[in-house]
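The values are calculated or read from the model by the stated rules, or taken from the named source; none is laboratory data. Predicted model, so just to flag it, every value in this text is computed and none were measured. Here the Cβ positions follow ideal geometry from the backbone for every residue, glycine too, while neighbour counts run over all protein chains shown. Just so you know, the surface numbers come from the protein's heavy atoms only, side chains and all, with ligands and any DNA or RNA stripped out. Shrake-Rupley method; radii C 1.70, N 1.55, O 1.52, S 1.80 Å.
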2 protein chains.
Amino acid sequence: MIVVRTIADLRAELRDRRTGRIGFVPTMGALHEGHASLLRAARTDGDTVVMSIFVNPTQFDEQSDLAGYPRTEDADLAVAAAEGVDIVFAPDAAEIYPDGFATTVSVTGRIAETLEGAERGRGHFDGVATVVTKLLLASQPDAAYFGAKDAQQVAVLRRTVADLNLPVQLVVCPTSRDADGLARSSRNTRLSEEERARAVAIPRALQTVADAAASGIRSSDALRGRALDVLAEALIPLEYIAFVDPDTFEPLPLVDRPTLVAIAARVGATRLIDNTVLTPEPFSTTGGS
Amino acid sequence: MIVVRTIADLRAELRDRRTGRIGFVPTMGALHEGHASLLRAARTDGDTVVMSIFVNPTQFDEQSDLAGYPRTEDADLAVAAAEGVDIVFAPDAAEIYPDGFATTVSVTGRIAETLEGAERGRGHFDGVATVVTKLLLASQPDAAYFGAKDAQQVAVLRRTVADLNLPVQLVVCPTSRDADGLARSSRNTRLSEEERARAVAIPRALQTVADAAASGIRSSDALRGRALDVLAEALIPLEYIAFVDPDTFEPLPLVDRPTLVAIAARVGATRLIDNTVLTPEPFSTTGGS
């Protein structure tokens, strides 16, 4: 496994590998099993697997969150090597944002401006879209792999890739979960034992919603109520629970088509997000079959 | 010569040509000798020459300017064929901006916000940076060719390409001029005979500045005065004459390094721009040599 720090070195390493299929997994380090599952997907699909490690300062709205973001490069390189990564691209901030840097990729509309876009500030998805565009153009992979946990990030990046005609396939892998259902996240390491126990109410709330929808409840408000009960019992202050179209993030009052249910909540000082997609059976307005 | 209307067809045509060098010349049609000189440069350098024709609506601040922009596709295709273009990409607006399009590439700072950016509105260079990024990613050329007449556009695109790590070489070709010095522009066709005669004061003003600088005048204010005299004599209302660093567009009070002199003026109803770069001999503060 090769570790490179500059875009020029990355391109040089990739030059002779372009006859085969290149898969790219962008990360902010602090790798966990969720990242490993993305690396395995890229390894299965491709001839060359490139992973980046870059804690992107422009997508953090809170400097304390940026400063406190876990940085564990040695452990990350061990995970990458174990998963068969060929090239790790681990630049410093000056390589990505050199003096005079002045370009931003922005997505407008609900997918970038509501929910995470509203909570984390306008700059968050600008930061994500810009750095991912840069990383994709630096590596020029055939496919790039993202986790479904960051559903809104996925929607923003789908929009970016389609709108800019970026020649890459986005592959979205299922959210990786601990045995008790908690979505894996680099931020989970910040949870105390007591917080970790309460945090499981987030996936339980999503499961409660999914079960209720499967039982025939179609009203988003009614389903939201079920989730709120579960979270309230665990004393988890909700930031939002949204029922939206997975592509446009338009609110859906009725679950009569694929519906993204997205939750953000703070457990202690740690902000966690999770989601599920409800895919109801075809809905009949006549109540038949 | 093949004419394609969709990105998918463009990519299909280019698929088997990627072993050779691909040159790309983006245009808004209404081709003149200036465009032909870009096509010849691409033809000389490359194995495949791609030219686009797309009057990009997002970079026009005035709807009347967009509506009045000359559209001459048949004549343009004849010019392209004569210059040995291999593929013309001539999409309609819905191919470039389909329903739901929501992504913008923006450059901030003096290069995008002053002069043309101030006169034509903030959206102008956003529109340019976005559409050129899209066209470059749709065609993925080795090199793209631009005219030096649009000096600020070149600076914005250099910034965009560098900042987003777009894997393409920008080639800037000298401004093409009529025998009397007027910079060739698609807008020149709008000039009346009388306006056309007065418009030549713009390159004459630039030449006067260049001659004065060559004779040893270093003060931008003094040089500006020479240009203003020439333009006033021809009754041409100036929008701006700027002495700036060609890369950063920082104003330069003294021509002691390469200096872009950029002019915008209206001749009748037609807005024209032109520029020159002064490259003084090394400047000695001791008056020596």
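The table below lists the values:
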{"item": "Out of A:LEU136, A:LEU157, sole residue that is within 11 Å of chain B (Cβ to nearest Cβ), farther than 24 Å from A:VAL261 by Cβ and either in a helix (DSSP H, G or I) or open to solvent by 20 Å² or more (accessible area, probe 1.4 Å) (or both)", "result": "A:LEU136"}
{"item": "Selection from the range B:1-30 of residues that are open to solvent by less than 30 Å² (accessible area, probe 1.4 Å) and more than 25 Å from A:ARG18 (Cα to Cα)", "result": "B:VAL4, B:VAL25, B:PRO26, B:THR27, B:GLY29, B:ALA30"}
{"item": "Failed item, numbered, when A:ARG257 is tested on (1) open to solvent by 60 Å² or more (accessible area, probe 1.4 Å); (2) under 21 Å from A:ALA183 (Cα atoms)", "result": "(2)"}
{"item": "The range B:193-214 residues that are closer than 16 Å to B:ALA232 by Cα, paired with ones that are of a type in the set (S, T, N, Q) and part of a helix (DSSP H, G or I) (beta carbon under 7 Å, 6 or more apart)", "result": "none"}
{"item": "Identity of the residue in the range B:54-99, assigned to a loop (DSSP other than H, G, I, E, B) and open to solvent by 50 Å² or more (accessible area, probe 1.4 Å), that ends up farthest from the other protein chains (Cβ to nearest Cβ)", "result": "B:THR72"}
{"item": "Residues satisfying the stated conditions in the range B:3-17, i.e. within 27 Å of the chain's Cα centre (by Cα) and in a loop (DSSP other than H, G, I, E, B)", "result": "B:ARG5, B:THR6"}
{"item": "Some residue of the range A:123-135 being touching a residue at least 12 places away in the same chain (Cβ under 8 Å) and more than 22 Å from A:ASP247 (Cα to Cα)", "result": "yes"}
{"item": "Counted residues, the range A:232-250 - those being open to solvent by 70 Å² or more (accessible area, probe 1.4 Å) and touching a strand residue (DSSP E or B) at 6+ places or on another chain (Cβ under 7 Å)", "result": "2"}
{"item": "Scope the range A:100-126; condition buried (at least 17 other Cβ atoms within 10 Å of the Cβ), more than 13 Å from every other protein chain (Cβ to nearest Cβ) and in a helix (DSSP H, G or I); matching residues", "result": "A:GLU116, A:ARG120, A:HIS124"}
{"item": "Complete set of residues in the range A:72-110 that are of a type in the set (Ser, Thr, Tyr) and touching a strand residue (DSSP E or B) at 6+ places or on another chain (Cβ under 9 Å)", "result": "A:THR103, A:THR104, A:SER106, A:THR108"}
{"item": "Where B:ALA162 falls short, out of the listed (1) at pLDDT 95 or above; (2) buried (at least 19 other Cβ atoms within 10 Å of the Cβ)", "result": "(2)"}
{"item": "Odd one out for B:VAL261 among (1) of a type in the set (Val, Ile, Thr); (2) touching a residue at least 40 places away in the same chain (Cβ under 8 Å); (3) farther than 23 Å from B:ILE111 by Cα", "result": "(3)"}
{"item": "Among the residues listed as A:ASP229, A:ASP211, A:ASP221, the single one being more than 14 Å from every other protein chain (Cβ to nearest Cβ), open to solvent by 40 Å² or more (accessible area, probe 1.4 Å), charged (D, E, K, R) and more than 26 Å from A:ASP247 (Cα to Cα)", "result": "A:ASP229"}
{"item": "Residue pairs meeting the criteria (Cβ under 8 Å; at least 6 apart or on separate chains; first closer than 17 Å to B:VAL161 by Cα, in the range A:1-15; second in a loop (DSSP other than H, G, I, E, B))", "result": "A:THR6/A:PRO91; A:ILE7/A:PRO91; A:ILE7/B:ASN165; A:ARG11/B:PRO167"}
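Yes or no, residue by residue, for (1) at pLDDT below 95; (2) polar (S, T, N, Q); (3) farther than 26 Å from A:PRO70 by Cβ:
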| residue | (1), (2), (3) |
| --- | --- |
| A:GLU233 | no, no, yes |
| A:PRO246 | no, no, yes |
| A:VAL267 | no, no, no |
| A:GLU281 | yes, no, yes |
